[in-house]
Structure formats: structure tokens, C-alpha cells
1. Between L12, L20, L77, which gets the highest mean-square fluctuation from a Gaussian network model of the chain, Cα cutoff 10 Å?
2. Springs between alpha-carbon atoms under 10 Å, Gaussian network over the chain: tell me which of D78, D48, D33 tops the mean-square fluctuations.
3. In nm, give the distance between the simple-model label positions of V49 and H11, each being 7 Å from the Cα along the Cα-to-Cβ direction.
4. Tell me the angle of helix 22-45 to the major Cα principal axis of the chain, expressed in degrees between 0 and 90 and rounded to the nearest ten.
5. Helix 6-15: angle to the longest alpha-carbon principal axis of the chain, degrees 0 to 90, nearest 10?
6. Evaluate the distance, in nm, between pseudo-label points positioned 7 Å from the Cα of Q92 and of T62 along their respective Cα→Cβ axes.
7. If contacts are Cα pairs under 8 angstrom and at least 6 residues apart, what is the relative contact order of the chain in percent?
8. Mind listing the long-range amide H neighbours of V83? Cut-off is under 5 Å, sequence gap 5 or more, other chains count too, H placed in the peptide plane at 1.01 Å from N.
Amino acid sequence: MPAISRDEVAHLARLSRLALTDAELDQFAGQLDSILSHVQTITEVAADVPATASPNPATNVTRPDVVTPGLTPEQALDQAPAVEEQRFLVPQILGEGE
């Protein structure tokens with residue numbers, strides 16, 4: 001017995017507001033029946049397999065955060081070719097209006 005009948009496909013088409021011909025109803029009924037039977041087979045085979053998001057177990061590898069001292073502004077700017085108001089001075093690449 002098919003998992004879905006032609007009448008059920010016609011009903012789904014009406015609910016979806018699809019205008020299907022008789023040939024399309026027959027074609028889609030066969031295709032949907034095939035899909036549903038494959039899903040049923042997979043369900044039976046995988047009944048004892050727990051559902052997972054990924055087949056490979058994943059663990060989050062992290063390290064503890066350790067606060068380390070950074071450079072002071074003076075140390076960061078010490079070797080800069082040009083400095084202005086405690087900032088790196090770089091050539092202008094855009095015009096004033098841009």
C-alpha cells in the first residue's frame with residue numbers, strides 16, 4: 001500500500017495553492033511515496049542511534065585566560081617613524097572630502 005495517495009497529493013496541492021494536472025498528481029504521488037518509504041527505511045535502521053548534531057564528538061579546547069602586561073603607549077610608539085599626539089602618524093591616502 002502506498003504511503004501517500006493521489007487524493008492526498010491533490011489535497012496538499014490545494015492547500016499549497018498549486019494547480020497540478022492529473023499527470024503531475026500521478027507523478028508527484030509516486031515520487032512522494034518513494035521519498036516516504038526511504039524515510040521509513042532510514043527510521044527503522046537508525047532507531048537505536050541517538051540523535052546528534054555531528055557524527056564526530058567535539059570538545060572545546062581552550063586555555064585559561066592569563067592577564068599579561070602590555071606595552072605602554074610610550075613603548076609602542078618608541079620605534080615609530082612618525083608620532084603625533086600619542087598616535088602613529090601615517091601618510092594621508094584619502095582627500096579631505098572623502
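Every number in this text was worked out from the coordinates using simple rules, so none of it is lab data. Please read these numbers as outputs of a predicted model, since none were measured by experiment. Don't worry about glycine lacking a Cβ; one is built from the backbone with ideal geometry, like all the others, and counts go over all protein chains shown.
1. It is L77.
2. D78
3. 3.2
4. 70
5. 40
6. Computed distance between label sites Q92 and T62 equals 4.6 nm.
7. On the way: 31 pairs, mean separation 16.8, N = 98.
Computed over the chain, the figure is 17 percent.
8. Answer set, sorted by chain and number: L89.
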